[in-house]
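See structure below.
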Amino acid sequence: MTGADAMVKCLEAQGIGVVFGYPGVAIAPFYNSLYDSKIQSVLVRQEQNGGHAASGYARITRKPAVCIATSGPGATNLITGLATAYADSIPMVAITGQVSTELLGKDVFQEADITGACEPFVKFSYLVKNVNDIPRIFKEAFYIASTGRQGPVLIDVPIDIQKQEFDYKEPGEISIRGYKPKVQGHIVQIKKVIEAIKKAKRPLICAGGGVILGHAEHAIQEFCEKTGIPIVTTMMGVGSIAKRHPLFFGMLGVNGKPYANRAVSESDLLIIVGARVNDRAVGAPSKLEQDRLIVHIDIDTAEIGKNIGPTIPLVGDARLIFERLLEYEIDTSYDEWTDELREIKRNCVDRRTFHEGYINPCLFVEHLTDRMDENAVYVADVGQNQLWSADNYVMKKGRFLTTGGFGTMGYSIPAALGAKMAAPERQVVAVCGDGSFQMSMMELATMCQYDVKFKIIIMKNRYLGLVREYQYNNYNEHYIAVSLEDIPDLEKLSGAYGMDYFYLKDMDLMDQTIEEFLACNNSALMVCDVYKFDKVKE
Ligand SMILES: Cc1ncc(C[n+]2csc(CCOP(=O)(O)OP(=O)(O)O)c2C)c(N)n1
């Protein structure tokens, strides 16, 4: 068989049913081999969105998904998709076509050193120089993408290698020198955590995106319930626990709830799980280290001590660690501490006001998510809309997908496309701003072509709202390069793609319109008129 046939065979062996990509000559042999396979090839309208669609698909299936691009501009277009997946630790295998082996390094037409360019944005990359390596490389790529701290892996395949005939041999057992991800937490460290919890008076769990990636939500919730320890989340950790759970005290960070931040600063033991403690989540980590014990649980050794120096480091898989922690009896009561947190929460009055006569975005997200299916998937874009979403989303048993790590505008529509293809029976809603919508609105065509029906909401404030808010706060209201005006005509646009259109001018008919929007069988676009100067922060 040819190298291209082998690439397809390898994807089939991994159980891949769909790939998201954009072709070109350098990847044509591989596409030609896909033609004869059962794998569905989805033509996105821009390579970056292939990466985001694979991200949405992978986050729902919890397995690596595949995106494809051709050499040169196709591959460079894909970089932002890979960088987004890398920052959010999403498992993915990206396949790019490359110029012929003998032309490598000669700056020929559409040559880009994509493995070099992607070096900081992928977990690992391969440039295939020998066709016999294809079976091993593909098997390793899926293994690397999905084990340890998950992330994207790139396989760059020159066109001559794709065309070359060879004898396919099943790859052997995977053995990668230097790559042995640790999954079981060390028992000595686990015992230290238990001792620390028993001594603590004000313990707090901070759940990050790693909790969801590691499927540890249930074990952590059970642990919180068993011990009575309260919990906060980062933005990527939203969804680790139901919003209305009595032990949940909100999302922390600059854009989070003041009472979640108070919980962190009042705690005497902070158990950070699957979170890298970035600047948006914790403003002054060195201050936190001084006043409390810190346990840091992460699958990635490199995260421990990177942004916050833990007293007790614990490397391993969050789910396995919490299942282990659940085996111990802890009879300390933290009722006084949780009562105090409830009091703090009650006294944190939200003084933000939203302009009358428009949609209040916070109430809108709350009412929308209250009415969504229990297991719905909510995909938030980037900007004010994202922060209003994360803050007010009523989590039940569904998923909240966003890019908290890279913050790539335009993520929501292609990621929702991938999520809906991964779980056609689930309700999927993408929520974006009018700026982020225009960064990936070309994917409405993909939705339409493949008949993937989901819902899109645009919080239309006629501005790149979050940057406008920044200019308001820091540059004396010198608004530059942030006005979007009222362009394009969104009703006409939705018609062009066969979508139903809903418009919410103000709060009067909000609940009724939301219900009609969610109930409609077609894909639909809902525009919410948000006042142009409404802000995330007071
Ligand atoms: C690809 C990309 N370019 C620029 C930015 C910087 N940025 C962050 S939020 C934002 C504005 C988003 O505007 P919009 O999508 O209209 O949402 P809003 O903030 O108004 O809700 C910008 C430009 C980004 N995050 N991603």
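The values are calculated or read from the model by the stated rules, or taken from the named source; none is laboratory data. All values derive from a computational prediction rather than experimental measurement. Positions of Cβ are backbone-derived with ideal geometry, glycine not excepted, and every protein chain shown enters the neighbour counts. Just so you know, the surface numbers come from the protein's heavy atoms only, side chains and all, with ligands and any DNA or RNA stripped out. Shrake-Rupley method; radii C 1.70, N 1.55, O 1.52, S 1.80 Å.
A few comments on the model shown:
- With the highest mean first, a sort of the peptides 6-13, 200-207 on other beta-carbon atoms found within 10 angstrom per residue produces 200-207, 6-13.
- Averaged over residues, the count of other Cβ atoms within 10 Å places the peptides 93-104, 298-309, 472-483, 331-342 in the sequence 93-104, 298-309, 331-342, 472-483, highest first.
- Summing Cβ point charges (Lys, Arg +1; Asp, Glu -1) relative to the Cα centre of the chain gives a dipole of roughly 1020 debye.
- Sites residue 501 and residue 302, calculated FRET efficiency, Cβ-Cβ separation with R0 51 Å, nearest 0.05: 0.60
- Pairwise label distance in nanometres, residue 268 with residue 511, each label 7 Å out on the Cα-Cβ vector: 4.5
- FRET efficiency for residue 472 and residue 352, using Cβ-Cβ distance with R0 set to 22 Å, rounded to 0.05: 0.95
- Convex hull per residue volume in Å³, alpha carbons only, for the stretch 330-475: 177
- 10 Å-binned pair-distance histogram of the stretch 453-518 (Cα, whole percent): 17, 37, 30, 16, 1
- Bridgeable lysines around residue 257 (alpha carbons under 20 Å apart, same-chain partners fewer than 8 residues away excluded): 243, 287, 345, 396, 535, 537.
- In loop segments of the stretch 346-386 as defined by DSSP, the trypsin sites (Lys or Arg not before Pro) with at most 15 further C-beta atoms inside 10 Å of their C-beta are 351, 352.
- Within the accessible surface of the stretch 183-225, defined with a 1.4 Å probe on protein heavy atoms only, the carbon and sulfur portion equals 57 percent.
- Taking every alpha-carbon pair within the chain, the share separated by more than 29 Å comes to 54 percent.
- Most positive-pole-ward Cα, 239, 320, 196, against dipole of the stretch 187-347 from beta carbon charges: 239
- The stretch 187-347: C-alpha gyration tensor shape, a/c 1.5 cut-off, then a/b vs b/c: rounded
- Candidate aspartates and glutamates for bridging to residue 492, where Cα separation is under 19 Å - those fewer than 8 sequence places away on the same chain excluded: 434, 443, 500, 529
- Of the beta bridges in the chain, as assigned by DSSP with both residues counted there, near 5 percent are antiparallel.
- Between the amide H of residue 92 and those of 65, 151, 153, distances stay under 5 Å, these residues lying 5 or more places away or on another chain, with hydrogens modeled in the peptide plane.
- Extension gain (nm, one decimal) between residue 168 and residue 329, 0.36 nm per residue minus Cα-Cα: 52.6 nm
- Remark: spin-label model distance residue 101-residue 160 equals 0.7 nm, labels positioned 7 Å along the Cα→Cβ axis.
- Modelled FRET efficiency - R0 30 Å, residue 136 with residue 109, Cβ distances, 0.05 increments: 0.50
- According to the Cα-based calculation, Rg over Rh for the stretch 3-163 is 0.92, with Rh computed by the Kirkwood formula.
- Dipole axis of the stretch 3-163 (+1 Lys, Arg; -1 Asp, Glu on Cβ), positive-most option in 19, 120, 78: 19
- Rounded to the nearest 500, the 222 nm mean residue ellipticity of the chain from helices alone is -11000 deg cm²/dmol, with -39,500 (n - 2.57) taken per DSSP H run of at least 4 residues.
- Å² per residue, accessible surface of the stretch 379-538 at 1.4 Å: 40
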